[in-house]
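Scroll down for the structure; my scribbles are underneath it.
The values are calculated or read from the model by the stated rules, or taken from the named source; none is laboratory data. No experiment lies behind these values; they were computed from the predicted model shown. Methodologically, a virtual Cβ is constructed for each residue, glycine included, from the backbone with ideal geometry; neighbour enumeration extends over all protein chains shown. These area figures cover heavy atoms from the full protein model, side chains too; ligands, DNA and RNA do not enter into them. Shrake-Rupley method; radii C 1.70, N 1.55, O 1.52, S 1.80 Å.
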Amino acid sequence: MSLRIAVAQISSESNHFVTGLAGLDFFRTTGYLLEGPELLELGRSDTEVGGFLSILQSEEQVEVVPLVAARANSGNPLSAECYRSLKRLLLEGLRRNRPVHGILLSCHGSMGVQDLDDPEGDLAGALRDIVGPRVPLALTLDLHGNLTRSMVQSADIVVGYHTYPHRDAFQTGQHAARLLLRAAGGQSRPTMALARLPLILTSFNASTEGDGPFARLRREADRMEQTRPQVLSASVFNLGAYIDVPEMGCSSLVITEGDEALAGELARRLALQHWGEREAYRVEPLTVADAVERGRRIQGGPILLLDTADTTGGGAAGDSIALVRKLIELGVEEPCLAMAVDPQAVGDCWHREPGSRFQVELGHRLDPQWGKPLALGAVLRRKSEGRFRYRGGILGGTEVSMGRSLVLQTGNLQLLVTSRPTYEWADEQYRSLGLDPRQAKFVCVKNMMNFRVGYAGIMKAFFVVAVPGPTPADMRMLPFRRIGRPVYPLDAMPETVEPEMTVRRYPGR
Ligand SMILES: [Zn+2]
């Protein structure tokens with residue numbers, strides 16, 4: 001008998017501190033929205049779905065049942081209508097294609113929806129209601145996902161990315177598909193334990209490369225996977241996503257072959273290590289004046305000034321002009337590069353000729369809550385339609401557009417103004433308009449992780465600067481309203497805490 005395995009993806013990372021809601025178009029323009037068999041084209045991609053398909057299609061006795069694949073970049077929470085449409089595509093696809101013997105669903109884990117606190121838990125629960133307790137359901141998540149009780153109570157297998165910067169979406173999909181096939185074929189009875197902490201941490205010091213606290217935690221989880229045959233999977237989740245919901249926190253999740261006590265013990269051990277090292281994730285942003293001063297003491301450039309609070313990869317609009325305003329106020333005369341998204345300013349200046357000088361207002365047009373536009377006298381240096389190709393990262397090799405774009409110059413500062421936010425990997429945006437970071441003393445970068453790869457071998461130093469925005473390197477700078485309290489680092493917390501445990505055995509009841 002062949003196993004019919006349903007495959008689906010509904011994935012976006014949301015930011016609850018930005019203005020506005022996302023619709024289905026957000027998926028179509030920044031990612032993809034593929035219905036039914038269209039999903040099979042992801043078989044050639046490095047995505048989780050690509051990983052699912054590579055395993056399923058290599059088995060003769062397996063039939064793939066494609067439901068829907070929707071993925072978008074980080075950004076605004078989904079409107080209620082957008083979410084309902086995606087959920088309908090998922091559930092109607094499943095109902096039409098029953099019976100199935102297993103389900104693979106790829107999500108982020110920190111998606112926000114207008115009127116719902118735990119959309120991934122809601123999706124998993126709705127799938128479970130349709131197929132009943134005996135059909136295994138596997139969920140893949142980003143390691144910045146917010147694990148909830150309801151996700152773990154509805155799914156039988158949950159697997160998170162192992163790497164940040166993210167390089168293993170495909171392998172994560174493969175891992176989940178292998179575990180699911182074994183459960184669906186009756187050869188495995190996965191037992192999961194989730195250990196959740198009252199802890200939120202930004203991503204800045206949470207690389208899985210090098211020797212930071214999260215790299216150490218990931219290595220401990222790797223050891224569990226590699227040295228204990230009963231351990232099917234060990235995932236650690238660093239909640240560095242900018243959501244604001246009642247049930248949230250960093251967590252660990254271990255799956256064993258039917259051993260509930262072992263799963264619980266190992267998940268708890270990982271959580272306690274995470275908690276014990278919480279101070280090591282702390283970032284102390286500098287004032288722009290201090291960062292410039294320190295940069296001047298270093299020979300040459302570029303020195304990166306990191307506007308982490310306006311990281312488009314974390315859902316920010318990329319439209320902040322606060323750092324540029326500061327550099328101008330400070331009278332910085334060294335060559336500088338900066339960028340800001342401002343479709344209105346681009347539209348206002350587009351008719352002008354390169355070389356012309358004029359007054360322009362810039363910044364805070366898409367998400368006005370974080371600052372006021374800056375009035376500036378500038379010379380137009382270049383214009384472009386804004387297309388460029390990524391040299392690496394999750395979008396490596398793909399061509400995208402930042403819309404019509406300009407280079408404006410004021411003093412020794414060259415400012416790239418684009419019409420749309422784009423994901424930051426390295427310096428592709430600057431280079432596409434002829435701006436070379438190696439020629440600058442200070443380069444403003446709106447990113448908190450990928451710059452380490454993208455500017456490796458070029459940058460002389462980097463400093464996080466304290467400017468306002470929806471993706472700060474210090475969680476205490478955000479106006480949380482709904483998060484469960486107390487939570488580190490917003491509240492004073494005891495030295496030790498006991499993680500909240502949730503367990504699930506397959507098959508559930
Ligand atoms: Zn992530």
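Worth a mention:
- Just one of the numbered conditions (1) more than 20 Å from residue 422 (Cβ to Cβ); (2) open to solvent by 10 Å² or more (accessible area, probe 1.4 Å); (3) touching a helix residue (DSSP H, G or I) at 6+ places or on another chain (Cβ under 6 Å); (4) not in a helix (DSSP H, G or I) is not true of residue 43: (4).
- Extreme residue, farthest from the ligand (Cβ to nearest atom), among residues of the stretch 156-165 that are assigned to a loop (DSSP other than H, G, I, E, B) and open to solvent by less than 20 Å² (accessible area, probe 1.4 Å): 156
- Verdict on residue 235 being open to solvent by less than 10 Å² (accessible area, probe 1.4 Å) and either outside the structural domain of residue 451 (by TED's automatic domain parsing) or in a strand (DSSP E or B) (or both): yes
- Residues of the stretch 72-113 that are surrounded by fewer than 23 Cβ atoms within 10 Å (Cβ to Cβ) and within 16 Å of the ligand (Cβ to nearest atom): 73 alone.
- Restricting attention to the stretch 166-202, the residues that are in contact with a helix residue (DSSP H, G or I) (Cβ under 8 Å, 6 or more places away or on another chain), part of a loop (DSSP other than H, G, I, E, B) and closer than 30 Å to residue 487 by Cα add up to 4.
- Among (1) open to solvent by 30 Å² or more (accessible area, probe 1.4 Å); (2) more than 29 Å from residue 365 (Cα to Cα), the one test that residue 65 misses: (1)
- Filtered residues of the stretch 396-408 (kept if open to solvent by less than 40 Å² (accessible area, probe 1.4 Å) and not small (Gly, Ala, Ser)): 400, 402, 406, 407, 408
- The stretch 229-244, subset hydrophobic (A, V, I, L, M, F, W, C) and within 23 Å of residue 448 (Cα to Cα), residue modelled with the lowest pLDDT: 241
- Between 202, 227, 191, 172, the distinction of being outside the structural domain of residue 392 (by TED's automatic domain parsing), among the β-branched types (Val, Ile, Thr), within 13 Å of the ligand (Cβ to nearest atom) and under 30 Å from residue 56 (Cβ atoms) belongs to 172 only.
- Output for the stretch 199-219, where each listed residue is open to solvent by 40 Å² or more (accessible area, probe 1.4 Å) and in contact (Cβ under 8 Å) with a residue 24 or more places away in the chain: 205, 209, 216
- From the list 338, 375, the one residue that fits, being among the hydrophobic types (A, V, I, L, M, F, W, C), surrounded by fewer than 20 Cβ atoms within 10 Å (Cβ to Cβ) and at pLDDT 95 or above, is 375.
- Some residue of the stretch 255-266 being assigned to a helix (DSSP H, G or I), away from the ligand (no atom under 16 Å from the Cβ) and more than 30 Å from residue 486 (Cα to Cα): no
- Scanning the stretch 364-383 for residues that are in a loop (DSSP other than H, G, I, E, B) and of a type in the set (Lys, Arg) yields 365, 372.
- Flag if residue 209 is within 16 Å of the ligand (Cβ to nearest atom) and charged (D, E, K, R): yes
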